[in-house]
1. State which residue is surrounded by the most Cβ atoms within 10 Å (Cβ to Cβ) when the search covers only the range B:162-188 and only residues that are free of Cβ contacts under 8 Å to residues at least 60 places away in the same chain and away from every other protein chain (no Cβ under 14 Å).
2. Among B:Ala157, B:Ala130, B:Ala149, B:Ala143, which is the only one that is more than 20 Å from A:Ser124 (Cβ to Cβ), within 11 Å of chain A (Cβ to nearest Cβ) and either buried (at least 18 other Cβ atoms within 10 Å of the Cβ) or not hydrophobic (A, V, I, L, M, F, W, C) (or both)?
3. For the range B:4-12, state whether one or more residues are outside any helix (DSSP H, G or I), within 11 Å of B:Val54 (Cβ to Cβ) and within 12 Å of DNA strand D (Cβ to nearest atom).
4. Considering only the range B:100-110, state which residues are surrounded by fewer than 18 Cβ atoms within 10 Å (Cβ to Cβ) and of a type outside the set (A, V, I, L, M, F, W, C).
5. Quick one: is A:Phe94 within 27 Å of A:Arg134 (Cβ to Cβ) and either surrounded by 13 or more Cβ atoms within 10 Å (Cβ to Cβ) or within 16 Å of DNA strand D (Cβ to nearest atom) (or both)?
6. Provide a single number: the residues in the range B:14-59 that are away from DNA strand D (no atom under 13 Å from the Cβ), in contact (Cβ under 8 Å) with a residue 24 or more places away in the chain and assigned to a helix (DSSP H, G or I).
7. Quick one: which residue in A:Leu102, A:Leu125, A:Leu114 is in contact with a Phe, Trp or Tyr (Cβ under 7 Å, 6 or more places away or on another chain) and either in a helix (DSSP H, G or I) or away from chain B (no Cβ under 14 Å) (or both)?
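Any read-out appearing in this document is the output of simple, stated calculations on the displayed coordinates, not a laboratory observation. Because the structure is predicted, anything quoted here is derived from the model rather than measured. Here the Cβ is made from the backbone with ideal geometry for all residues, glycine too, and neighbour counts use every protein chain on show.
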2 protein chains.
Amino acid sequence: MGRWEPNARGRLSEAALELYVERGYEQTTVAEIAMRAGLTERTFFRHFADKREVLFSGSDALREHLVNAVAGAPDSAAPIDAVAAAFESVGVLFQEGRERSLRRQAVITANAELRERELIKLASLSAALADTLRLRGVPHPAASLAAEAGVAVFKVAFERWADDPGEPDLSQLIRESFDELKAVTAGR
Amino acid sequence: MGRWEPNARGRLSEAALELYVERGYEQTTVAEIAMRAGLTERTFFRHFADKREVLFSGSDALREHLVNAVAGAPDSAAPIDAVAAAFESVGVLFQEGRERSLRRQAVITANAELRERELIKLASLSAALADTLRLRGVPHPAASLAAEAGVAVFKVAFERWADDPGEPDLSQLIRESFDELKAVTAGR
DNA sequence: AGGGCCATGTCAGTGACTGTCATCAACCTA
DNA sequence: TAGGTTGATGACAGTCACTGACATGGCCCT
């Protein structure tokens, strides 16, 4: 067996979410998180750039997944359809469990600093998707608009998924929300 | 004459922008800003919630101006037109001078923390505009969409205004950008 | 066996931000 | 006009996020 318990990063994530839920983000110190994980404060900052980032480490994987999905869409797919299909395929990334996602989202929603971080993560996601679309030959305004629309739809669908106690399927909600967007814009 | 020099808040804003431009946001300490303004660090935090907010104190006025303009639009105006007219009228709020606006924007763009703050200010602006539209009887998705579209157009127009060395008129760029948005969406 | 690697620990430091009390000119009130 | 109040600022100590530098000691490779 190793010199240290394995999965230090995962233990820090768990401890942080637990404490943020228990006593709130601001009332939790990094030293407390590290102690609960059996590590030191310094080690926390070796794994996460700051106190907020511990809640957002999954956003890189989400971005990569979406970028790959858009890049791999058939050439014949319209930009908005490539983006829609990509988002519909992300349900698997929330397999860590609905409960954990909901607790995490509640913590973020309750704190302005964390909402700031969430916004810039979503902006970065949108920019990455727009870049990917441009690589497929989509011209400038259309690429950004399709990417922004995809992110907006995802936000709406995730909110519905979180608020509905019936535990609906996230991928299906994303599909439905895209259809609603099409209906709204078609009316113009 | 008073016990202290007048306009402490304004002197702090000036000193902060100067120093952020001279040596960068992160390399500037609040103590340095306060010293240049002839005040103490503690007084800085009595005027501004944090080190970033000193660059965003005007966003409240911008939001109020836009909300009032939308609320005062004729009942016959379509939501997107009420929003467009509101944004076209904000040019006056940048009368502090193009130069100062450009320097401020360059500082924000160069720093991730400041971009985060800018994003949440724009989100708050969008939410306030959507609320105002709903008070006018605009239903749910349309109100948010019109507000988001207005903010997006403003971002685009401001960027053009900043990048064009010909010092074009901001209000006119906003009008043109709205027209382009209409052209793009009409194509669907 | 030896030596380097690397995740973690230890410690000292900087700087953002807060709570608390003191100061003192301007203003108000009797 | 004397005295009390107000409000913006200063002074100071304290907490906590975050960083740099160096030490430690199992693990792996040769």
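1. Restricting to residues being free of Cβ contacts under 8 Å to residues at least 60 places away in the same chain and away from every other protein chain (no Cβ under 14 Å), the top hit is B:Leu173.
2. Exactly one of B:Ala157, B:Ala130, B:Ala149, B:Ala143 is more than 20 Å from A:Ser124 (Cβ to Cβ), within 11 Å of chain A (Cβ to nearest Cβ) and either buried (at least 18 other Cβ atoms within 10 Å of the Cβ) or not hydrophobic (A, V, I, L, M, F, W, C) (or both), namely B:Ala149.
3. no
4. Answer for the range B:100-110, where residues must be surrounded by fewer than 18 Cβ atoms within 10 Å (Cβ to Cβ) and of a type outside the set (A, V, I, L, M, F, W, C): B:Arg100, B:Arg103, B:Gln105, B:Thr109.
5. No: the conditions fail for A:Phe94.
6. 8
7. A:Leu114
Here is a yes/no grid of residues against (1) within 17 Å of A:Leu129 (Cα to Cα); (2) within 16 Å of DNA strand C (Cβ to nearest atom):
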residue: A:Tyr20; (1), (2): no, no
residue: A:Glu32; (1), (2): no, yes
residue: A:His65; (1), (2): yes, no
residue: A:Ile80; (1), (2): yes, no
